[in-house]
1. Can you tell me the length gained on complete extension of the stretch Tyr207 to Lys325, counting 0.36 nm per residue apart and subtracting the Cα distance?
2. Work out which helices of the chain, taken as complete DSSP H runs, extend at least 20 Å along their axis over the Cα atoms and score a mean Kyte-Doolittle of -1.0 or more, then list them.
3. Specify the residue with the greatest mean-square fluctuation among Phe256, Phe173, Phe211, computed from a Gaussian network of the chain linking alpha-carbon atoms under 10 Å apart.
4. Could you list the residues of region 183-210 with an amide nitrogen less than 15 Å from a label point located 7 Å from the Cα of Glu13 in the Cα-to-C-beta direction?
5. Report the one residue of Ser25, Phe163, Ile251 whose Cα lies farthest in the direction of the positive end of the charge dipole of the chain (charges on C-beta: Lys and Arg +1, Asp and Glu -1; origin at the Cα centre).
6. Can you give the convex hull volume of the alpha carbon atoms of region 83-215 per residue, in Å³?
7. Keeping every protein chain present and rolling a 1.4 Å probe, give me the accessible area per residue for region 40-187 in Å².
8. For the chain, which whole-number percentage of the solvent-accessible area (1.4 Å probe, protein heavy atoms only) is attributable to carbon and sulfur atoms?
Amino acid sequence: MPRPQEPDRMVGESPAFLLALEAVSQVAPLEKPVLVVGERGTGKELVAARLHYLSNRWDSEFLKLNCAAISDSLIESELFGHEAGSFTGATRAHQGRFERADGGTLFLDEVATTSGLVQEKLLRVIEYGEFERVGGRKTQRVNVRLVAATNEDLPRLAAEGGFRMDLLDRLAFDVITLPPLRERAEDIPLLAEYFAINMASELGRDYFPGFTPAAETALENHRWPGNLRELKNVVERAVYRTPEGEPVNGIVIDPFQSPFRPLPEVDSKAQPSDGLELPLNLKETIRDVEIDLVNKAMTASQFNQRKAAAALGLTYDQFRGYLKKYDLPTPSSKRG
């Protein structure tokens, strides 16, 4: 009979992994914010949980929020709550994550995607432990340990105006950077076996008979751009496709690989013409393209910077960062 899959644990013994674990253990007891940095799938959420359960807050709330999964119009309410009648559909007061996590830990994943307004309120919570609900006037006071995570280069993003530098300073009391799986080659067999045993248990099998040498080689030779999450998917897929009692042999890295995979239609008459010829200076070319797009957006929006930012799919702060980066003119009479 299938059994529930146990929660993922941090598994490994490579030097890079053990150094990261040691850093977690050192900072966990402190009442300070922590920034966890790493590529997608490296286990940032597991680190946040470990920081919480090794702290003095271990028996209090541990709440999580993926900032990229919620629209800008909703994330402020989700984090800080709202009062009844503050917007259409707000029929009653709502406690946000900060209020619900009072006394515990709040983990904000993909914090780089938050807007300037949310970043400003996060800064106030970190500094003073207070905020107002959306549509409210009463100051709410909380005691929350904040752990944030990102796969972005936040110092670069802040330098370009896409993230508040003062918030970065507060979040980065200490920074834990997780190594990608390709830098933990000796951990791949351990992790693969751990995921396989867990999957076999979920399938109701009595034991996991192991991997064939060919399967082990395939796992060890892949670069794992998706890191632990990709490895877990590959191993679990291989286990359930293998008959019970047989060692895993077939490793399918790309589940989309098929001779019948739909391919984009190619117009045989179309000739590629991007106007670029090699050799070229990549940095200067990118700079010229970015300046040209910013200027076109400014002209099309009649120099309204907020409209220009929206036209380029940027936040207002990110757009201002490009203006500052390239020292582009911003006529005071036409600013957004």
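1. That works out to 36.7 nm of additional length.
2. 188-202, 227-241, 282-300
3. Checking each option, the largest mean-square fluctuation is seen for Phe256.
4. What the label zone holds, given the 15 Å backbone N cut-off, is 185-194.
5. Farthest towards the positive pole: Phe163.
6. Per-residue hull volume (Cα only) is 208 Å³.
7. Roughly 47 Å² per residue, with all protein chains present.
8. With neighbouring chains kept in place, the figure for the chain is 51 percent.
The values are calculated or read from the model by the stated rules, or taken from the named source; none is laboratory data. This is a predicted model, so every value here is computed, not measured. Reconstructed Cβ throughout: ideal geometry from the backbone, glycine too, with neighbour counts over all protein chains shown. Ligands, DNA and RNA are excluded from the accessible area calculation, which covers all protein heavy atoms including side chains. Shrake-Rupley method; radii C 1.70, N 1.55, O 1.52, S 1.80 Å.
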